[in-house]
Amino acid sequence: MAELLKVVDITKRFPGVLALDKVNFSLKEGEIHALVGANGAGKSTLIKTLAGVHMPDGGWIELGGEKQLFRTPNDAKEKGIAVIYQEFTLFSDLDVAKNIYFGEEPISDRTRLIDWKTVYKNAEELLNKFDLDLNVHAKIRDLSVAQQQMVEIAKALSYNAKILIMDEPTATLTIQEVEQLFDIIEDLRKKGVSIIYISHRLDEVTRISDRLTVLRNGTVVETAVTNEVSKEEIIKLMVGEDIDNQIKENKVIDSEPVLKVENLSNQYIHDVSFTLKKGEVLGIAGLVGAGRTECMRAIFGADSITDGRIEVFGEECRIKGPKDAISHRIGLLPESRKEQGLFMNLNIRRNIAMVNLKKFISFFLINTKKERQEAEKQIDNLKIKTPTAEFPVLNLSGGNQQKVVLGKWLCANSDILILDEPTRGVDVGAKEEIFQAIYALAKQDKSVIFISSELEEVLRVSNRVITMYKGRITGEFEQKNLTLNEMMKYITGGQ
Amino acid sequence: MKGPENKRKIKLLKQREFIAFAALIIIFMAFSLASENFFTLFNVMNIFRQASINAIIAVGMTFVIISGGIDLSVGAIVSLSGVMAAMVMGNWGMNSVVGVLCGLIVGIVIGFINGFVITKGGVPPIIATVASMTIAKGLALVLTGGRSVTNLPDSFSVIGRGNIGALPIPVFIIIITYVFGYVLLKKTRFGATVFGIGGNEEAARLAGTSVEWVKIRVYMFCGAMSAISGLIMASRLNSGQPLAGDGLDLNAIAAVVIGGASVNGGVGGVVGSLIGALLMSVLTNGFDLIGMGRYYQMIFTGIVLILAVTLQKKTR
């Protein structure tokens with residue numbers, strides 16, 4: 001097979017990070033090439049470079065032996081490279097055909113208007129050619145996730161994409177849908193489309209790909225024929241050897257349980273049971289879509305549960321909404337601080353006080369002085385870097401914003417703190433400060449549930465770790481007995 | 001400790017309110033130069049009196065807009081509450097206290113319905129309040145048969161035309177409603193929650209606040225303020241007129257926005273809204289005094305609105 005695409009010594013720098021360091025990669029005609037690596041390994045940056053979203057700082061891309069320079073996504077598109085991102089880019093109120101040809105609608109020569117007849121005819125032909133079972137008149141919002149993905153694929157094929165890049169295409173699919181998708185991918189390959197397949201799920205990768213490339217910290221560690229490597233070897237390559245030795249052992253906490261979850265189930269999670277002990281940091285590891293966030297939202301009452309029970313401080317309780325959870329001294333630092341955690345229009349003082357305003361009320365009025373004192377206490381306690389408590393949170397750094405959210409729950413006297421991806425989108429220094437804050441909280445006998453996509457972080461801060469895969473708990477470990485290798489195995493569906 | 005104290009004083013007129021305040025002063029001075037009748041005690045009181053109806057609605061509208069909503073029914077509430085009070089007094093011979101109470105209840109009930117439809121029914125505020133505006137307007141016309149309701153007791157006319165010392169009663173009511181509104185917005189849990197909801201509704205929900213109930217109360221408060229304006233209006237006209245409040249909705253929204261509130265919610269304040277309402281009133285009054293026709297005035301008021309909001313965006 002001839003080499004279709006070649007990436008030579010691609011380097012990409014972001015402020016403070018070397019995201020890609022002289023990456024070499026090739027794709028043969030009709031090949032399915034998997035790209036694997038832990039979070040932050042550089043997979044996304046690499047595909048964004050291929051798609052013309054990022055301009056590389058060094059190196060080049062060759063297509064069929066010709067050097068290419070992609071300045072915009074359109075350049076890549078014209079050369080036949082299509083990317084299907086995890087977040088679809090469809091218009092939910094338009095139908096399938098209109099989505100496929102959006103912005104590329106054929107214009108009738110006679111009337112200079114859109115020739116809708118041709119749009120639907122072409123869409124029909126395209127779908128038939130690639131055996132995609134879709135109704136061209138169906139509205140996107142009425143389709144399942146898998147069907148929407150087919151529309152994305154059809155859209156890519158509509159401009160004759162030769163290379164299809166799929167980013168975690170199975171993350172939100174059911175098992176049957178995954179099978180369907182694999183059939184489609186096989187079929188595409190037979191019809192001459194080459195595919196770069198990015199996934200965390202090693203069982204899928206080993207099943208479908210011809211070759212695979214492992215990225216770690218922005219460099220290629222290995223490119224191999226899939227059949228010739230074992231899953232264990234892949235995991236080893238993804239994780240690296242050295243990190244485990246750098247991580248200190250955390251002590252085993254043996255105190256009374258403060259939170260006991262039994263057989264919790266809803267549409268996203270199945271039969272989740274675990275306990276959290278006083279003064280403990282419990283890490284939850286899992287891929288995006290493994291049900292970590294959903295599990296925590298269920299405990300916090302933000303999503304409803306269909307089955308299971310929750311015990312807080314030895315007492316069974318029914319949590320029907322965030323209000324109940326808060327009164328049971330549970331606090332949630334949500335996944336996206338800007339969308340769910342903070343009031344960007346308000347200052348630090350009010351953000352910290354918001355959950356527990358009644359603490360500062362005398363005669364129906366808020367005692368601003370008491371409120372400010374409390375805020376200042378939390379600013380000291382959590383080492384929030386700000387000139388005053390009156391400073392708008394909008395102007396704080398990501399790490400300090402997260403600390404404000406933490407402060408909010410401490411002000412509300414929460415003893416159980418659920419931290420959902422607290423380190424996402426904050427820089428290295430701020431991460432360290434968040435870790436220190438978590439350690440300090442545990443010392444003050446608060447119990448912390450720590451969720452992160454970065455396995456290394458989970459292993460560093462936790463006393464105990466739970467792994468999740470597709471909405472279920474797949475393992476529970478004392479931190480000192482756990483290695484990154486093992487953790488990677490359990491969150492990618494191994495047993 | 002001197003720093004924070006000073007800062008707090010400056011904060012009284014925050015940047016976003018400052019533009020409106022500066023505009024108010026400049027326009028005020030311009031009219032003072034243009035007409036010798038402008039800057040007199042009598043005329044200044046007159047400006048306040050004219051501003052009262054819009055200003056008092058604007059207090060309520062401030063809450064609605066900060067919470068991320070909009071209320072287009074306030075004009076219809078002004079009409080219906082005025083008509084209701086007038087009928088209770090003029091047609092059924094009840095005294096002014098009963099009349100005033102009935103007017104207020106009308107406003108609060110329509111506000112409740114607005115809030116209920118918006119939160120429980122999931123109807124966008126603009127649609128819900130356009131609907132209730134139409135209904136209230138229709139009701140006012142049906143009840144009166146399209147005619148004004150007269151024969152009001154003398155004690156009622158005090159509201160719109162009486163004085164306490166040198167202070168016209170409507171101006172007195174402005175002061176009361178604004179002090180009340182200021183404290184409610186800045187110093188109570190309710191007010192804090194209104195800012196929270198407007199800034200980030202999901203975060204407010206996850207903070208355990210009852211978002212829906214707070215919103216309902218916001219619209220009830222706005223309805224009550226509109227009803228107060230309706231009573232002042234009816235008192236000044238000495239009659240209940242079914243179309244008295246037409247167009248007041250957009251004036252109130254304009255006042256609040258000129259005062260620095262964001263229609264996206266989460267930002268705003270009653271002090272700014274008062275400045276906005278005064279600014280609009282100064283324009284009308286000043287243009288009248290220099291003899292500019294009402295039709296031209298509308299054009300200029302529109303231009304001022306655009307300028308004020310553009311300037312705020314630029315300086316933010």
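With the simple model of a label 7 Å out from the Cα in the direction of the Cβ, A:Val8 to B:Leu250 spans 6.5 nm. Neighbour counts of C-beta atoms inside 10 Å place A:Leu394, B:Leu141 in the sequence A:Leu394, B:Leu141, starting with the fewest. Taken one residue at a time, the phi angles of the stretch B:58-75 give Karplus couplings (6.51, -1.76, 1.60, θ = phi - 60°) of 4, 4, x, 5, 4, 4, 4, 5, 5, 6, x, x, 8, 10, 9, 9, 5, x Hz. Gly and Pro are set to x.
Look at the stretch B:195-205: the mean tally of other chain Cβ atoms within 10 Å of its residues' Cβ atoms is 6.
Taken as Cα centroids, the stretch B:37-93 and the stretch A:15-75 sit 63 Å apart, rounded to the nearest whole angstrom. Remark: relative contact order (the stretch A:3-240) = 28 percent; criterion is Cα-Cα distance under 8 angstrom and separation of 6 or more residues. The calculated 222 nm mean residue ellipticity attributable to helices in chain A amounts to -9500 deg cm²/dmol, summing -39500 (n - 2.57) over DSSP H runs of n ≥ 4 and dividing by all residues.
Out of the DSSP beta bridges found with both residues in chain A, what percent are antiparallel (nearest 5)? If I count the DSSP bridges inside chain A, around 55 percent turn out antiparallel.
For the residue pairs A:Lys48/A:Lys408; A:Lys12/A:Lys383; A:Lys369/A:Lys403; A:Lys236/A:Lys383, the alpha carbons lie more than 26 Å apart in A:Lys48/A:Lys408; A:Lys12/A:Lys383; A:Lys236/A:Lys383. Comparing the stretch A:18-62 with the 2.2 N^0.38 Å rule of thumb, its C-alpha radius of gyration ratio is 1.17 (two decimals). Taken residue by residue and averaged, Cβ atoms of other chains lying within 10 Å of the Cβ of A:361-369 number 3. Contact order, relative form, for chain A: 15 percent (alpha carbon pairs under 8 Å, 6 or more residues apart, mean separation divided by residue count). Among A:Leu441, A:Asn356, A:Leu406, which residue has its Cα furthest toward the positive end of the charge dipole of the stretch A:356-456, with +1 on Lys/Arg Cβ and -1 on Asp/Glu Cβ? Of the candidates, A:Asn356 comes out farthest on the positive side. Since only A:Leu143, A:Leu127, A:Leu113 are under comparison, the one whose Cα sits farthest along the positive direction of the charge dipole of the stretch A:101-146, derived from C-beta charges on Lys, Arg, Asp and Glu, is A:Leu113.
For A:Leu4, the residues whose modelled amide H falls within less than 5 Å of its own, excluding neighbours fewer than 5 places apart on the same chain, are A:Leu27, A:Lys28, A:Glu29. Look at where the Cα atoms of the stretch A:225-300 and of the stretch A:102-137 average out, and the two centres are 47 Å apart. Each stretch of four or more DSSP H residues adds -39500 (n - 2.57); spread over every residue of chain B, this sum gives -25000 deg cm²/dmol at 222 nm. Annotation: lysines with alpha-carbon distance below 17 angstrom to B:Lys120 (same-chain offsets under eight excluded): B:Lys215. Rounded to the nearest angstrom and listed largest first, the equivalent-ellipsoid semi-axes of the stretch A:301-376 from its Cα gyration tensor are 28, 17, 10. Computed from point charges on the beta carbon alone (+1 for Lys and Arg, -1 for Asp and Glu), the dipole magnitude for the stretch A:260-395 about its Cα centre is near 660 Debye.
Checking the cross-link pairs A:Lys260/A:Lys323; B:Lys187/B:Lys313; A:Lys370/B:Lys186; A:Lys277/A:Lys480 against a 22 Å limit on the alpha carbon distance flags B:Lys187/B:Lys313 as lying beyond it. Charges were assigned to the Cβ only: +1 to each Lys and Arg, -1 to each Asp and Glu. The resulting dipole of the stretch B:136-208 about its Cα centre is roughly 20 debye.
Relative contact order of the stretch A:342-495: 18 percent, from C-alpha pairs under 8 Å at least 6 residues apart in sequence.
Highest mean first, the peptides B:35-45, B:203-213, A:404-414 sorted by other C-beta atoms within 10 Å per residue fall in the order A:404-414, B:203-213, B:35-45. Counted by neighbouring Cβ atoms within 10 Å, the residues B:Cys102, A:Cys317, B:Cys222, A:Cys295 run from fewest to most as A:Cys317, B:Cys102, A:Cys295, B:Cys222. In straight-distance terms, cross-link reach from A:Lys129 covers every one of the aspartates and glutamates whose alpha-carbon lies under 12 Å from its own, apart from those fewer than eight places away in the same chain; here that gives A:Asp187. Amide H contacts of A:Thr219 (H built 1.01 Å from N, in plane; Pro and chain starts excluded): A:Asp21 sit under 5 Å, all sequence-distant by 5 or more or on other chains. For a straight C-alpha distance cut-off of 19 angstrom, the lysines reachable from B:Lys314 (same-chain residues fewer than eight places away being disregarded) are B:Lys14.
Only Lys, Arg, Asp and Glu carry charge here, each on its Cβ (+1 for the first two, -1 for the last two); on that basis chain B has a dipole of about 900 debye about its Cα centre.
Each residue of the stretch B:38-50 is assigned a 3J(HN,Hα), and the resulting list reads 6, 8, 10, 4, 4, 5, 5, 4, 5, 4, 4, 4, 5 Hz, derived from the Karplus form 6.51 cos²θ - 1.76 cosθ + 1.60 (θ = phi - 60°), x at Gly and Pro. Computed from backbone phi, the HN-Hα couplings of the stretch A:365-381 come to 10, 6, 7, 4, 5, 5, 4, 5, 4, 4, 4, 5, 4, 5, 4, 5, 4 Hz, rounded to whole numbers (Karplus: 6.51 cos²θ - 1.76 cosθ + 1.60, θ = phi - 60°; Gly and Pro given as x).
Cβ-to-Cβ counts within 10 Å put B:Val59, A:Val221, B:Val88 in ascending order as A:Val221, B:Val88, B:Val59, the fewest first. Here the stretch B:167-204 and the stretch B:96-164 have alpha carbon centers that stand 21 Å from each other.
Here, each number is a calculation from the coordinates, and none is a lab measurement. As the structure is a prediction and not an experimental result, all values here were calculated from the model. Note that we place each Cβ from the backbone using ideal geometry, even for glycine, and neighbour counts take in every protein chain shown.
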